[in-house]
1. State which entries of K95/K129; K88/K125; K45/K125; K57/K125; K81/K125 exceed 21 angstrom in Cα-Cα distance in the structure shown.
2. Would you calculate, for the chain, the mean residue ellipticity at 222 nm contributed by helices, counting each DSSP H stretch of 4 or more residues as -39,500 (n - 2.57) and dividing by all residues, to the nearest 500?
3. What share of the DSSP beta bridges in the chain is antiparallel, in percent to the nearest 5?
4. Alpha carbon centre of region 81-134 versus region 15-71: separation in Å?
5. Which three numbers, in whole Å and largest first, are the semi-axes of the equivalent ellipsoid of region 40-128 derived from its Cα gyration tensor as √(5λ)?
6. Counting DSSP beta bridges with both partners in region 15-88, what percentage is antiparallel, nearest 5?
7. Within the chain, what whole-number % of the accessible surface is contributed by carbon and sulfur, with the 1.4 Å probe and all protein chains included in the calculation?
8. How large is the accessible surface per residue of region 25-135, computed with a 1.4 Å probe and reported in Å² as a whole number?
Amino acid sequence: MGLGDFISNLFGKEKATVSNEPAVEEISTNLYEINTVAFESEVIKSHLPVVVDCFTKTCPPCRKMAPVFEKVAAEYDGKIKFIKVDLKNSPEIAKQFKILGVPTFLFFKSGEMVTNVVGFVEEEKLKEKLDSLLE
């Protein structure tokens, strides 16, 4: 471990781990963390509407939003698919959707992004967006 790695670890700045293989990790009920390679199959080709939480692990509002997103994911199981993308490991997603701030939530229906929300979202406002996605 070099000095740069030590300082990065000390301040919570992790190295990006970019993979050429699709990665899908189930975090909890109806909540998955994916990488760029899995984005098309898990989001664009999903038969369900999808909400994507674009985050970084060092972002305080992202960490505050995580339990809300996890709770709501379980409530909408079978209706809307919930995905998380760590932008540090998937910078292509940030470029593709012109993400300038985190957290950013992308809402997809039939493979097309229909809206987005930037920043911390109260649970009720998130549910309003999700319900409109089901209409």
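The values are calculated or read from the model by the stated rules, or taken from the named source; none is laboratory data. Computed from a predicted structure; not experimentally measured. Each accessible area value is taken on the protein alone, full model and side chains, heavy atoms only, with ligands, DNA and RNA left out. Shrake-Rupley method; radii C 1.70, N 1.55, O 1.52, S 1.80 Å.
1. The answer is K95/K129; K88/K125; K45/K125; K57/K125.
2. Taking each H run of at least 4 residues, the total per residue is -9500 deg cm²/dmol.
3. Values: 15 of 25 bridges.
Antiparallel bridges: around 60 percent, rounded to the nearest 5.
4. Measuring centre to centre over Cα atoms gives 10 Å.
5. Result for region 40-128: semi-axes of 18, 17, 11 Å.
6. Roughly 30 percent of the DSSP beta bridges within region 15-88 come out antiparallel.
7. 54 percent
8. 50 Å²
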